[in-house]
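Following: one structure in structure tokens, then a few remarks.
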Amino acid sequence: PLPLLAQQQPSPTTSSASFPPPWLVPFAIPALGGALFGYDIGGSSSVLRILGEGKSVLGSLDALTLGQIASGSLLGALLASAALLGLGDKNIGRRQELIAGAGLYSAGTLLQTFGGSLPLVLVGRILYGLGIGTSMHAGPLYIAESAPSELRGQLVSLKEVAIVLGIVGGYAA
């Protein structure tokens, strides 16, 4: 049975005596990063539609510029993932990667929100993408390393559910 969803006997790692359970915060932080990634995917489609209509402070944008805005976060994610393959696990550590990812998410969001010009929005998209790549690189491993063995696979899978729920939320917004 699925230990997180099914009734089970309390064990030292799933005891109901402590709340929150010790695995909750190490799971929730990377899952939030996944939800933000998903929300960006869903929300970008609406934003690009609005930008394509010329109803923003950026004015009328051609298809190439809209593509650059859409793919800026993907470029950042690719760059972060490639860089962290060699640097992250040995030199930085997963916890520090997640903290850096949160900072990059925040900086990218602020720059996109308050930038007011196309170059600043593009830099904000790339910074946000660096946060995506950093968080998605470290998140599953961090969850797996900090979760009790009987919940490990389920919690990593639930992080993927957070991505999908973020996509749905982004489309709904």
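Data for the structure
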read-out	value
Cubic angstrom per residue, convex hull over Cα atoms of the chain	124
Förster-model FRET efficiency, 30 Å R0, residue 58 and residue 173, C-beta, rounded to 0.05	0.95
Accessible area per residue, Å², region 57-122 with all protein chains present, probe 1.4 Å	58
Cα pair distances exceeding 18 angstrom across region 26-120, given as percent	54
Residue range of the chain that is longest and free of GluC sites (Glu not before Pro) which are both DSSP loop and sparsely packed (at most 15 other C-beta within 10 Å)	54-149
Neighbourhood charge, 11 Å Cβ-Cβ cut-off, centred on residue 77 and excluding it, Lys, Arg +1 and Asp, Glu -1	0
Helix-only [θ]222 nm of the chain, DSSP H runs n ≥ 4, -39500 (n - 2.57) each, per residue, nearest 500	-25500 deg cm²/dmol
Cα-based shape type of region 126-169, given that a ≥ b ≥ c are square roots of the gyration tensor eigenvalues and the cut on a/c is 1.5	oblate
Relative contact order of region 40-173, defined on C-alpha pairs under 8 angstrom at six or more residues apart (%)	33
Share of carbon and sulfur in the accessible heavy-atom surface of the chain [1.4 Å probe, %]	70
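The values are calculated or read from the model by the stated rules, or taken from the named source; none is laboratory data. It should be emphasised that the depicted structure is a prediction, and the values quoted were computed from it without experimental measurement. Every residue, glycine as well, gets a Cβ built from its backbone with ideal geometry; the counts of neighbours run over all protein chains shown. These accessible areas exclude ligands, DNA and RNA; they are computed on the full protein's heavy atoms, side chains included. Shrake-Rupley method; radii C 1.70, N 1.55, O 1.52, S 1.80 Å.
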